[in-house]
Structure formats: C-alpha cells, structure tokens
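Input: a single structure, listed below in structure tokens.
Here, each number is a calculation from the coordinates, and none is a lab measurement. Nothing here was measured: the structure is a model prediction, and the numbers come from that model. Neighbour counts are summed over all protein chains in view; Cβ atoms, including those assigned to glycine, are modelled from backbone coordinates with ideal geometry.
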C-alpha cells in the first residue's frame, strides 16, 4: 500500500528517503525500539535479552536514518550506531549465564521465529533483490533497473520490518504481563 501511495498518490518517480515507504519503515523501527525499551524498563525476565534486542533494532533505526546523519557529515551514522551496539552488548554480557538462559528460552518461541523471518527478508532478500547488477541483467535498461531495484528493495524491507514488529508485539505481550503461568507458556 505504501508503494502504491508513493507512486500513484504522491507521484514520486522513485522511492527515496522522503517517501511514505521509507518513513513507514522508520516509524515501525521506532515502535519496535519502544516496545523493547518498555521490556527493559519492566526489569522482568528477559531483561538482558531485551537490552540486546533493543540495541540491535536501535542500530537498524539509526542506519535507516542515515540521510539525516549525512547532513552532519557523510557516514556519521556509524558513531551513534557503535555507541548503542557496544553499550547494549557490554550490558547484556555482564551476566552471560542469565543472557544464555534467556536466549535459550527465546529461541523456542513464536516471537523468535517471526523475528527470524523478518530479519531474513530485511537482511538477505532485500539485499539480493536490491542489487543493481541483478536488475540490469533482467531489464537491460539502467533507468528502469534502478526504479525496479529501489521499489523491490524498499517493499521487501517494509515487509520484513512489519514481521519484526509482529515479533516485538508477541515478545512484549509476554514480557510486560509477566507471571509464572505466562512464563511457562513463553517457554
């Protein structure tokens, strides 16, 4: 739907940084980060894992906002990304046994499976089908290849982020309303 609105309502010629598709991706990532931040604040079980996942999605959000960081200096997104990544990894690994226990339980949940699917779409499929050389071989037209590449890549990223949002909602639903009965079901 976002791609449709970008092309047919906003009459964009390509999907750029200022498009409904791109802004929706950023908003979804922001919501995902808020869900995991709420899980961290709750200090319930899965606290260290929540910190690690929060850090991961926050780095993805910062990377998606690279156009804004490029206004400061090209590639400056790397500094806040490294700060978040190092901080969240350092905190999460302060107690590796608890993190390992939390991760072991998380790997058996629907939330993990949905997250894995979403991240596979974002990090693998959108990159494979977002390769210009692939579309040049298929279409033999540089302008058309660029348009198709951007459209397919942004569409796949949006789909993958929606799956990640679904995973975050599943995760947050259990972590934020924690009691022993729900903890047993989360296993």
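Gain in length, residue 139 to residue 34, computed as 0.36 nm per residue apart minus the alpha-carbon separation, to one decimal in nm?
33.7 nm
If you fit an axis through the alpha-carbon atoms of helix 142-176 and take the longest principal axis of the Cα set of the chain, what angle between them do you get, 0 to 90°, nearest 10?
The angle comes out near 20 degrees.
Using a basic spin-label model with each label point 7 Å from the Cα along Cα→Cβ, how many nm lie between residue 82 and residue 131?
Between residue 82 and residue 131, the simple spin-label model gives 2.9 nm.
What order do you get for 113, 32, 15, 40 when you list them from fewest to most C-beta neighbours inside 10 Å?
Ranking 113, 32, 15, 40 by Cβ neighbours within 10 Å, fewest first, gives 113, 40, 15, 32.
Which FRET efficiency value, to the nearest 0.05, is calculated for residue 169 and residue 124 with the Förster distance at 25 angstrom and r the Cβ-Cβ distance?
So the FRET efficiency works out to roughly 0.65.
Taking the number of other C-beta atoms within 10 Å as the exposure measure, put 121, 128 in order starting with the fewest.
In increasing order of surrounding Cβ atoms, one gets 128, 121.
Nearest 10 degrees is fine. How inclined is helix 78-92 to the longest principal axis of the chain, computing both from alpha carbons?
Roughly 20 degrees, rounded to the nearest 10.
Could you give the nm distance between label points at residue 63 and residue 8, where each point is 7 Å from its Cα heading toward the beta carbon?
The modelled label-to-label distance comes out at 3.2 nm.
What's the whole-number percent of alpha carbon pairs in region 56-184 lying beyond 25 angstrom?
When every Cα pair of region 56-184 is considered, 44 percent fall beyond 25 Å.
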